[in-house]
Structure formats: structure tokens, C-alpha cells
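See below for the structure under consideration.
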Amino acid sequence: ALTSELGKQIKLKEVEGTLLQLATVDNWNQIQSFEAKPDDLLICTYPKAGTTWIQEIVDMIEQNGDVEKCQRAIIQQRHPFIEWARPPQPSGVEKAKAMPSPRILKTHLSTQLLPPSFWENNCKFLYVARNAKDCMVSYYHFQRMNHKLPDPGTWEEYFETFINGKVVWGSWFDHVKGWWEMKDRYQILFLFYEDIKRDPKHEIQKVMKFMGKNLDETVLDKIVQETSFEKMKENPMTNRSTVSKSIMDQSISPFMRKGTVGDWKNHFTVAQNERFDEIYRKKMEGTSINFCMQL
Ligand code: A3P
């Protein structure tokens, strides 16, 4: 158990070498036996890769650009988070079961830990990857403000923790490699945060086609506008402002923090950057994936 800034005990446990929240591990059998349906769409990300962003994009497409319909609930409630558990609240699995089809679900699980029925049912997967350095920075600030996650310690300490994959949901390297390797064997639309940032319309159009939708230009333009960082930062249905301060203290760091590519340059020292690049080369050896580190 690790201690958070508030001195709370944050209980984590490993499953096949991956740290997860204790309540998730306590619920592991229910999660693993989750029954996916062939028309499920699963949004998959490593934490801080732009999950909320792609969720809002997907929902805007699903609702044909109807902003009011997207305001029906906070983003965390719109797509059941399958491994989420916080008793006595209904678990992610229970929420998914209660949802009418076609379902859109969310997970941070690696390919290794994903409930097998998603593969068996050949579901559609929408994966968003974000470069490791920006993910690390974003996760560091998130762990500072989120009292349900361990205190990240100093930036220097967190650098080691992240590289060693000792964060909740495990190693960034294994996560990204695993999903990248699966992408040609299953129905996976593999997107990059950096591409969405550079050309949102183009990437949103890909998502739309993948979802089997056909929306016209004006609707697409509206979706681009409504899912911009500036809009989502002001939107109470996406900015986590309704989450209690005892869980997320946005005075420490806002949930919608910067939303940029390359903020790692404001955090990494030259020495850390060199060391990271070396480790990255080793860990990602043999993978064809290529990340953009700045726009
Ligand atoms: P930063 O901490 O770098 O600002 P997740 O939803 O997976 O937890 O990811 C959160 C990260 O995505 C945060 O990154 C957040 O600011 C960023 N983000 C959320 N909405 C965004 C948007 N519309 N455009 C760009 N980045 C966005």
C-alpha cells in the first residue's frame, strides 16, 4: 500500500505484473468473465492518452453532433468503464450490462488483461496512443491531484516509477506495444493523440467511418469545435468539475491541464531525456510504431 498526499492508504495490487486498484482486483473474476457483444465498440487507452477527448468525439458522432444530447450526463457516466469498481456504487461491468446495445465502453486494460470475450466476439476497438513523455508528464500531474491514486513523489522519483511501469494500469511500453501488435489481427482503429491535435477533422472523419456513420461537413466542423481543448475545459460535463475535491483537487492541477503536444520539454532535464530515449529504444525494439514528439 502506498500513501497519498492526504495520507490516505491507496491500495493497489498486481495482476500478472500490472498494478491495478484493489477494488478492481477484488472484482477480477467478474471483469474477466465480462460478456462482450459483437456490436460493442471499446474505447481503449493508456491513462492520460486522451481518453476523455476521444470519448467526447465518439459521443458527438454517435449523437450526430447534437450538443444537448451529449450534455445528458458527465463523460464518466456515458461510457461504462469496464474495470472500474468502487463499492457500493455499481461496477463498470454492472453498468455495461445495464446498457442497451449498441454499447460504447471504455477500458485502460492492456491486451493481455482484456476480458477474452472482446476478442472472441471480434468487437471494434478504438485505441488512442499518446507519446510516452507527454503521457508521463500528464500522469504525474494527475497523480498529484487525484487522491484515489498514489502520491507521485518528486518528478525525479516519478520518472523512475513510470519507466519501471509501476503505475496503475502498468507499463506504457507494454500497453502500446500490445495494442499496436493486435491492430492488424482485429478491428482496431489505432489513432494518435498528436494526429488528433494536428488535424482534428481528418482524425474525427476516420472515427466516423469506423463507427459506420456518415455526417456532413457542417456537423463535422461543429464536432471539431465542440471537442477542442478550450471548449472541453469549460464544459462541466467533460472537465471533472463535478467530482468532489476530496477525490480530485483541481486547485493542485486541473483535469484539463494543458492539452498540448511537447509539454515534456518543460519537465525533462537533458540528462533525463537522453536516458529516456535510450530506455525507449530498448523497450520498443522491433516495433514499427512511430510517435510525433512535437508539433
Ligand atoms: P494534459 O495533462 O497533458 O493536459 P485522459 O482523458 O486520458 O485522462 O487524458 C487527459 C489528458 O488529455 C490531459 O492532458 C488533458 O488536458 C488532455 N485533453 C483532454 N481533452 C482534450 C482536448 N479536447 N484536446 C486536447 N487535449 C485534451
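What follows draws every value from the coordinates through simple rules; no lab data is involved. Please read all numbers here as calculations on a predicted model, not as lab measurements. Glycine also receives a Cβ, built like all others from the backbone with ideal geometry; neighbour counts cover every protein chain displayed.
In segment 89-111, which residues are assigned to a loop (DSSP other than H, G, I, E, B) and in contact with a helix residue (DSSP H, G or I) (Cβ under 6 Å, 6 or more places away or on another chain)?
Matches in segment 89-111: Ser110, Thr111.
Mind listing just one residue for me: the one in segment 249-295 that is within 22 Å of Gly178 (Cβ to Cβ) and hydroxyl-bearing (Ser, Thr, Tyr) and, of those, nearest to the ligand (Cβ to nearest atom)?
Tyr280
Select, from Ala36, Ala49, the only residue that is touching a residue at least 24 places away in the same chain (Cβ under 8 Å), in contact with a strand residue (DSSP E or B) (Cβ under 7 Å, 6 or more places away or on another chain) and either among the charged types (D, E, K, R) or assigned to a loop (DSSP other than H, G, I, E, B) (or both).
Numbers: Ala36 fails: in contact with a strand residue (DSSP E or B) (Cβ under 7 Å, 6 or more places away or on another chain).
None of the others qualify; the one that does is Ala49.
Look at segment 200-235 and say how many of its residues are without any contact (Cβ under 8 Å) to a residue 12 or more places away in the chain, assigned to a helix (DSSP H, G or I) and either within 14 Å of the ligand (Cβ to nearest atom) or among the charged types (D, E, K, R) (or both).
Selection size over segment 200-235: 6.
For segment 131-168, which positions are buried (at least 23 other Cβ atoms within 10 Å of the Cβ) and touching a strand residue (DSSP E or B) at 6+ places or on another chain (Cβ under 7 Å)?
Within segment 131-168, Asn146, Pro150, Val167 qualify.
Can you find even one residue in segment 67-74 that is part of a helix (DSSP H, G or I), among the small types (Gly, Ala, Ser) and farther than 26 Å from Arg185 by Cβ? Give the steps one after another, and end with the answer.
Start the filter on segment 67-74 by keeping residues that are part of a helix (DSSP H, G or I), which leaves 67-70.
After this cut, where a residue has to be among the small types (Gly, Ala, Ser) as well, the list is none.
No, segment 67-74 contains no residue that is part of a helix (DSSP H, G or I), among the small types (Gly, Ala, Ser) and farther than 26 Å from Arg185 by Cβ.
Filter segment 112-158 down to residues that are part of a loop (DSSP other than H, G, I, E, B) and hydrophobic (A, V, I, L, M, F, W, C) and give me whichever is farthest from the chain's Cα centre (by Cα).
Keep residues of segment 112-158 that are part of a loop (DSSP other than H, G, I, E, B), which gives 112-116, 121-123, 130-131, 147-154.
Right, trim to hydrophobic (A, V, I, L, M, F, W, C) and you get 113-114, 123, 149.
Values: Leu113: 15, Leu114: 14, Cys123: 18, Leu149: 15 Å.
The selected residue is Cys123.
Has segment 178-194 got at least one residue that is surrounded by fewer than 16 Cβ atoms within 10 Å (Cβ to Cβ), within 19 Å of the chain's Cα centre (by Cα) and either within 14 Å of the ligand (Cβ to nearest atom) or in a strand (DSSP E or B) (or both)?
Yes: one or more hits.
With respect to the numbered conditions (1) away from the ligand (no atom under 16 Å from the Cβ); (2) among the aromatic types (Phe, Trp, Tyr); (3) within 18 Å of Gln77 (Cβ to Cβ), which one is the sole condition not fulfilled by Trp53?
(1)
Take the residues in segment 237-283 that are over 20 Å from the mean Cα position of the chain (by Cα) and part of a loop (DSSP other than H, G, I, E, B); name whichever of them is surrounded by the most Cβ atoms within 10 Å (Cβ to Cβ).
Applying the filter and picking the extreme gives Phe268.
In segment 25-45, is there at least one residue being on the phi > 0 side of the Ramachandran plot, more than 16 Å from the ligand (Cβ to nearest atom) and in contact with a helix residue (DSSP H, G or I) (Cβ under 7 Å, 6 or more places away or on another chain)?
No, every residue in segment 25-45 fails to be on the phi > 0 side of the Ramachandran plot, more than 16 Å from the ligand (Cβ to nearest atom) and in contact with a helix residue (DSSP H, G or I) (Cβ under 7 Å, 6 or more places away or on another chain).
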